[in-house]
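Q: I'd like to ask some things about the structure below.
Each value in this text was obtained by applying a stated rule to the coordinates, not by laboratory testing. Predicted, not measured: the structure shown is a model, and the values here were computed from it. No Cβ is skipped: glycine too gets one built from the backbone with ideal geometry, and neighbour counts run over all protein chains shown.
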Amino acid sequence: MSRAALLLLADGRFPAGGHAHSGGVEAAIARKAVHNTNSLESFCRGRLHTTGLTAAGLAAAAAAGCDPLLLDDAADARTPMSALRVVARRLGRQMMRAARATFPSAELEQLAAARPQGAHQPIVLGLAARAAGLAPVDAAHAAAYEAIGGPATAAVRLLSLDPLDATGVLARLGPEADGVAQAAAEAAMRALAEGLDVLPSASSPLLEITAEQHAAWTVRLFAS
C-alpha cells in the first residue's frame, strides 16, 4: 500500500477538476450564512457529516470491491437534485481522466465504457484508490477531506480569508473527518455482505436547494 498514493488523491493539485467547485460555499456566502472563519467551520462541519459521509461511504465501497455500476445507481438515489447529479458526474468524468492516466486498471476502463457520460465522482475516486492499492478507509479519508477542503479553499478566494485561518479550520475538523472515514469504511465492508442499502445516505436539504439556485446564476466564480 502506498501512502504517497493517498496523498496524491487528496491533494488539491490532483488534476480532477475540484478547484473549479466550491462545494456549495459560494451560495452560502451569497446568503451570508458563511461570512467569517467561525461560520466557515460550521458550514464545513455540516457538509462533512452529511454529503461528506455519504461520499466517503460510496468511495469506500468502490475501493472494497462493490459493483461500481450498482454504486453509481446508489449515488443517484442519494442525490435528489439534478444540479448536484450533473456536478457529481462532471467531476466523475474529470476524475476518471486523471485516474486512468495515474492509476490505470481494468475496473476503471470498464466503468468508463459503461458510463461514458461520467460516473459519480466518489465511485471513480474509490476505484482509483483500489487501483493504487489503498484500503477502503483510505478512499473514505480522501472523500471526507475533499468534502471540507474544497469549501475551505474556495472561501479563501471568495471572502479574502487568511489562508492560515482556513487551514486551522481543516485541522480542527481533522478528528471528525477521521471518524467519518472510519464509519464510512465500516459501512462499506458491511455492504459487501448485506447490500448497498447499509451505506450512509445523509442529506443536507439546504445545500441541495442552494445548489439548484446557484446553477441558475448568470455570474459566478465557481461551477458549483
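Q: On the basis of being hydroxyl-bearing (Ser, Thr, Tyr) and either closer than 20 Å to Gln94 by Cβ or touching a Cys at 6+ places or on another chain (Cβ under 6 Å) (or both), does Thr167 make the cut?
A: no
Q: Go through region 68-79 and give me each residue that's more than 16 Å from Gln110 (Cβ to Cβ) and either assigned to a helix (DSSP H, G or I) or polar (S, T, N, Q) (or both).
A: Those that are more than 16 Å from Gln110 (Cβ to Cβ) and either assigned to a helix (DSSP H, G or I) or polar (S, T, N, Q) (or both): Ala74, Ala75, Asp76, Ala77, Thr79.
Q: State all residues of region 57-104 that are of a type in the set (Asp, Glu), closer than 21 Å to Ala132 by Cβ and within 16 Å of the chain's Cα centre (by Cα); if no residue qualifies, say none.
A: Asp72
Q: Moving on. In region 180-224, which residues are free of Cβ contacts under 8 Å to residues at least 60 places away in the same chain, in a helix (DSSP H, G or I) and under 30 Å from Ala30 (Cα atoms)?
A: Correct list: Pro205, Leu206.
Q: Could you tell me which residue of region 28-46 is farthest from Ile209 (Cα to Cα), considering only residues that are surrounded by 24 or more Cβ atoms within 10 Å (Cβ to Cβ) and not β-branched (Val, Ile, Thr)?
A: Among them, the one singled out is Leu40.
Q: To continue, here is another question. Within region 160-179, take every residue that is aliphatic (A, V, I, L, M) and not in a helix (DSSP H, G or I) and give me the one that is nearest to Ala55 (Cα to Cα).
A: Leu173
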